[in-house]
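Remarks on the structure that follows.
The values are calculated or read from the model by the stated rules, or taken from the named source; none is laboratory data. It should be emphasised that the depicted structure is a prediction, and the values quoted were computed from it without experimental measurement. Positions of Cβ are backbone-derived with ideal geometry, glycine not excepted, and every protein chain shown enters the neighbour counts. Please note that ligands, DNA and RNA were not included when accessible areas were found on the heavy atoms of the full protein model with its side chains. Shrake-Rupley method; radii C 1.70, N 1.55, O 1.52, S 1.80 Å.
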Amino acid sequence: MSTTTAEIRVDENELREFEDSFSGQLTRPAGATYDDQRKIWNGSIDRRPALIARCAGVADVIAAVRFAREQGLLAALRSGGHSYPGLSVCDAGMVIDLRQMKGIRVDPQARTARAQAGVLLGELDREAQVFGLAVPAGIVTHTGLAGLTLGGGIGWLERKYGLTIDQLLSVDLVTVDGEFVKASETENPDLFWGVRGGGGNFGIVTEFEFRLNPVGPMVLAGPILWAMEDSPEVMRFYRDWITEVPDELTTIVTYRRVLPSPLVPSELHGKHVVIVGCCYAGPVEEGEEVLRPLRTFGSPLLDMCEPKPFVAHQASLDPAFPHGWWYYIRSCNLAQLNDEVIDTMADHGSRIASPVTVCSIFHLGGAVAGVGEADAAFTGREAGHTVNVIGITKSGEGFDPEREWARGLWSALEPHHQNVYVNFLMEEGEERIRQAYGGGKYDRLKTLKRKYDAGNFLRLNQNIPPG
Ligand SMILES: Cc1cc2nc3c(=O)[nH]c(=O)nc-3n(C[C@H](O)[C@H](O)[C@H](O)COP(=O)(O)OP(=O)(O)OC[C@H]3O[C@@H](n4cnc5c(N)ncnc54)[C@H](O)[C@@H]3O)c2cc1C
């Protein structure tokens, strides 16, 4: 006896047996919460899985993997649900949903933290910042820790403390055979190398262990805004100035129109601007000195860089990237911001139509570059900058022109492209994934994939096929 659910056939008895053994919830298309459960952050993705297995713990993850394999189901892994191309949800198949696995344990004496796969960045920050500690991670609090870490993890602390993976001590992982393993520098070191940048290709991580480092809790941080017309001069100054700033300072440049926030004078709303967002992860007074030349350059329209709790700074970009808007992303790494790049950015930046579209440039270097390129699967430590062009609309209306704008800027930067950060890829095909890792590492990752997932069960990801 079998049943059809959203285009798949599963054995009804085995499904019932699976359901009985599962302590989380199984959601099927007829379920009352199905439409809510299948939504992910990017509103342009609309997929209908046959089963959503909302795991309560490791035992559920093992049961879900075994059931999916036995039934020959396609499986998507969902932690924070922030995959830009929507790889955490599938049509038909099963979503192994880890959202409910929220455990966090901070040990302030040992300066370590354990966090389960469903933890979001803001949740870990909250627990660690009580002790003035932090893991370097991303810039939006509702991003999933799991997907971000497995791709590398860049953000406001990167130049001081490196990538998220640079503070990773170990992972607990369920293999595609439903076995529980650990990986660290000393246990399954090949797997530990692979999960630090190789994404969700090798197994399902159920828990992460991180080293914590002192941050704040007060930091000097926030955006400084100049008119887009001034951006060529501001950015020429910026690219020279950042060569001399200490690693405590991480900056992210953004081209956009000003959001109509109550924190910003209304005459600036909708205006095209270039913004230098700052975070000084050291004493506030020291940060004031370091930032003075930038803050006094040209004629800033607004300077919102001030002492604030690190957690407040971490949440400051949340309103720019809410759940449910439509997003299209193109990304590349750049060696440097040469004149041509700066002029291209100014030209395309001034033509942003959507009030919510952005282009951000992360400044790398510092501790990111201080780790050997061969130490982990992540690739691109020597890049100067990571560019993230995001065409955004609040719904499907007007989305196509924003997507074209994003493609146009990305293509205009093509002569300067280095590789690409794997977490900023859309579904762009195998050649782009190879570019992300470079040929040598890509081959090593394929060998690792053959060892841990020879049948490519985990293929809804930036896939490294085993073949
Ligand atoms: C608003 C926003 C802001 C962002 N900011 C940053 C940033 O500042 N820095 C940065 O580095 N990146 C950033 N990103 C990119 C982000 O790192 C990726 O989108 C990442 O995949 C999100 O992780 P997630 O758990 O939320 O994703 P999900 O969509 O849940 O998962 C994405 C993929 O990761 C894999 N995966 C997820 N969980 C597991 C698991 N437990 N075990 C094995 N594989 C798993 C799967 O392949 C899955 O398809 C941002 C993304 C968004 C949407």
So which of Asp172, Asp166, Asp177 is over 26 Å from Asn388 (Cα atoms) and more than 12 Å from the ligand (Cβ to nearest atom)? Asp177
Quick check: is even one residue across the range 32-43 touching a helix residue (DSSP H, G or I) at 6+ places or on another chain (Cβ under 9 Å) and touching a residue at least 12 places away in the same chain (Cβ under 8 Å)? no
Write out, first by first residue and then by second, each pair whose Cβ atoms fall under 8 Å of each other, whose residues are 6+ apart or on separate chains, and whose first residue, in the range 104-120, is within 15 Å of Gly80 (Cα to Cα) while the second is open to solvent by 60 Å² or more (accessible area, probe 1.4 Å) and in a loop (DSSP other than H, G, I, E, B). Gln116/Lys102; Gly118/Arg99; Gly118/Gln100; Gly118/Lys102; Val119/Lys102
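Residue-by-condition table, conditions (1) open to solvent by 10 Å² or more (accessible area, probe 1.4 Å); (2) part of a helix (DSSP H, G or I); (3) touching a strand residue (DSSP E or B) at 6+ places or on another chain (Cβ under 6 Å); (4) modelled with pLDDT of 95 or more:
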site	(1), (2), (3), (4)
His323	yes, no, no, yes
Ile329	no, no, yes, yes
Asn333	no, no, yes, yes
Asp347	yes, yes, no, yes
Pro355	yes, no, yes, yes
Cys359	no, no, yes, yes
Val371	yes, no, no, yes
Ala377	no, no, no, yes
Glu382	yes, no, no, no
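Okay, residues lined up against (1) over 28 Å from Trp241 (Cα atoms); (2) within 15 Å of the ligand (Cβ to nearest atom):
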{"position": "Gly391", "(1), (2)": "yes, yes"}
{"position": "Ser411", "(1), (2)": "no, no"}
{"position": "His417", "(1), (2)": "no, no"}
{"position": "Val422", "(1), (2)": "yes, yes"}
{"position": "Glu430", "(1), (2)": "yes, no"}
{"position": "Tyr442", "(1), (2)": "yes, no"}
{"position": "Leu445", "(1), (2)": "yes, yes"}
{"position": "Lys451", "(1), (2)": "yes, no"}
{"position": "Ile464", "(1), (2)": "yes, yes"}
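Would you confirm whether any residue within the range 116-123 is β-branched (Val, Ile, Thr) and assigned to a loop (DSSP other than H, G, I, E, B)? Before the answer, list the steps.
Initial filter on the range 116-123 (β-branched (Val, Ile, Thr)): 119.
So of that shortlist, the ones also assigned to a loop (DSSP other than H, G, I, E, B) come out as 119.
Yes, there is a match, as at least one residue in the range 116-123 is β-branched (Val, Ile, Thr) and assigned to a loop (DSSP other than H, G, I, E, B).
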Within the range 61-83, how many residues are crowded, with 22+ Cβ neighbours inside 10 Å and within 13 Å of the ligand (Cβ to nearest atom)? 12
(1) closer than 28 Å to Leu145 by Cβ; (2) part of a helix (DSSP H, G or I); (3) open to solvent by 20 Å² or more (accessible area, probe 1.4 Å) all hold for Gly43 apart from (2)
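Does Asp91 qualify as being under 30 Å from Arg330 (Cα atoms) and away from the ligand (no atom under 13 Å from the Cβ)?
In short, yes.
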For Lys308: the one exception among (1) open to solvent by less than 50 Å² (accessible area, probe 1.4 Å); (2) assigned to a helix (DSSP H, G or I); (3) more than 19 Å from Arg239 (Cα to Cα): (2)
